[in-house]
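**Student:** Can you read through this structure? Questions will come right after.
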Amino acid sequence: MSDGILIAWFTLTALSLAFVVVDIPKTPEATVLKWAFVILTVFSGPFGAFFYVLGCREPLKGTHAEYVSATWRQVLGSTMHCAAGDGIGIIAGAVIGAFLALSEWGDFALEYALGFGFGWVYFQAFAMRDMAGGSFSRSLKETFIPELVSMNVLMAGMLVTMKTLMPRLTGANDPLTPAFWFVMSMALMVGFAAAYPVNWWLVTRNMKHGMLTLLAHVDSQGHEGMAGMDDTGVMDEMGDMDDMEGHDAPRPGPMAVAGVVALTFAILALALWVTIG
């Protein structure tokens, strides 16, 4: 790949990240989702900034709750939250695996464990525990299945992309080269796209949150920085999501959930068969 393409990509990424970091504190969004947008922009560059503007940034002050109530924006927030949390773990696993020269299966196992572990335990259960009445254990239980199915499809998309691009780009297996990080960026974006449909199912079945809006008194703190947080490190209160399509829908039964879980594992197994064998 031409060095010019890499230079252009990382230049656009730096500019996009600067915009999001400067602008997002003014958005009355939950703190964990603000950080998720920042993380996503680190890897998706102009695409992350575009989705932030299109999907989360209120066009006029005081319109955030109405603006993000559209189902596709709610699903965007849900998928972005998954991609940011799981993506950090997966990419960390890829870096560690490269330095340790792990086998392909060992590399996958490490990436999956770190991706699911960080995404589920911290980015979902801990950071969003206020939605479970402040109970971390209850939050772990409620977020396990949603995080599992989302992770499976995200990992499948990332795995296929990484295994496709790395042999074709010089130095892409070395975390010390720009090519490696370019591949990680492409992989996370493909994983994001792959995980969007299952997040649509989760959000519209009332199994996972989407975008969130802080209440007015919390929003006033949010202009200070990545704020809107209490002394436990999570947001004080969140806006009303009752206008979101599917928010009041009954949750699916055990058979439907089991079917979706099985489907996502089948997708992941297919990705493993294609890439590792």
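The values are calculated or read from the model by the stated rules, or taken from the named source; none is laboratory data. Note that the structure is a prediction, hence the values are computed from the model and not measured. Using ideal geometry, Cβ is built from the backbone for each residue, glycine included, and neighbour counts are taken over all protein chains shown.
**Student:** Looking at region 98-133, which of the residues that are in contact with a Ser or Thr (Cβ under 6 Å, 6 or more places away or on another chain) and not hydrophobic (A, V, I, L, M, F, W, C) is farthest from Val183 (Cα to Cα)?
**Tutor:** Arg129
**Student:** Working carefully through the options Met131, Met158, find the one that is in contact (Cβ under 8 Å) with a residue 40 or more places away in the chain and farther than 30 Å from Pro46 by Cβ.
**Tutor:** Working: Met158 fails: farther than 30 Å from Pro46 by Cβ.
Step by step, each of Met131, Met158 is checked, and only Met131 is in contact (Cβ under 8 Å) with a residue 40 or more places away in the chain and farther than 30 Å from Pro46 by Cβ.
**Student:** In addition: So which of Ser150, Ser137 is hydroxyl-bearing (Ser, Thr, Tyr), within 24 Å of Ala193 (Cβ to Cβ) and assigned to a helix (DSSP H, G or I)? Working first, answer last.
**Tutor:** Values: Ser137 fails: within 24 Å of Ala193 (Cβ to Cβ).
Ser150 is the lone residue from the list that is hydroxyl-bearing (Ser, Thr, Tyr), within 24 Å of Ala193 (Cβ to Cβ) and assigned to a helix (DSSP H, G or I).
**Student:** Identify all residues within region 73-124 that are surrounded by fewer than 18 Cβ atoms within 10 Å (Cβ to Cβ), without any contact (Cβ under 8 Å) to a residue 40 or more places away in the chain, in a helix (DSSP H, G or I) and among the hydrophobic types (A, V, I, L, M, F, W, C); write none if there are none.
**Tutor:** Listed by number, the residues that qualify are Ala92, Ile96, Leu100, Ala109, Ala113.
**Student:** What do you reckon, is Ala216 surrounded by fewer than 19 Cβ atoms within 10 Å (Cβ to Cβ), modelled with pLDDT under 85 and closer than 17 Å to Ala65 by Cβ? So that I can check it myself, show each step before the final result.
**Tutor:** Numbers: surrounded by fewer than 19 Cβ atoms within 10 Å (Cβ to Cβ): yes; modelled with pLDDT under 85: yes; closer than 17 Å to Ala65 by Cβ: yes.
Criteria met by Ala216.
The rows are residues; the columns are (1) polar (S, T, N, Q); (2) outside any helix (DSSP H, G or I); (3) without any contact (Cβ under 8 Å) to a residue 12 or more places away in the chain.
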position	(1), (2), (3)
Ile24	no, no, no
Val32	no, no, no
Ala36	no, no, no
Val42	no, no, no
Val53	no, no, yes
Pro59	no, yes, yes
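**Student:** I would also like to ask the following. What number of residues within region 1-52 are among the aromatic types (Phe, Trp, Tyr) and surrounded by fewer than 17 Cβ atoms within 10 Å (Cβ to Cβ)?
**Tutor:** Going through region 1-52, the residues among the aromatic types (Phe, Trp, Tyr) turn out to be 9-10, 19, 35, 37, 43, 47, 50-52.
Now restrict to residues that are surrounded by fewer than 17 Cβ atoms within 10 Å (Cβ to Cβ): 10, 19, 50.
Final tally of qualifying residues: 3.
**Student:** Taking Thr170 as the residue in question, decide whether it is within 23 Å of Phe10 (Cβ to Cβ), at pLDDT 90 or above and part of a helix (DSSP H, G or I). Spell out the reasoning first.
**Tutor:** Details: within 23 Å of Phe10 (Cβ to Cβ): yes; at pLDDT 90 or above: yes; part of a helix (DSSP H, G or I): no.
In short, no.
**Student:** Inside region 177-213, can you point out the residues that are surrounded by fewer than 21 Cβ atoms within 10 Å (Cβ to Cβ) and at pLDDT below 95?
**Tutor:** If the condition is that a residue be surrounded by fewer than 21 Cβ atoms within 10 Å (Cβ to Cβ) and at pLDDT below 95, then Thr204, Arg205, Asn206 are the ones that fit.
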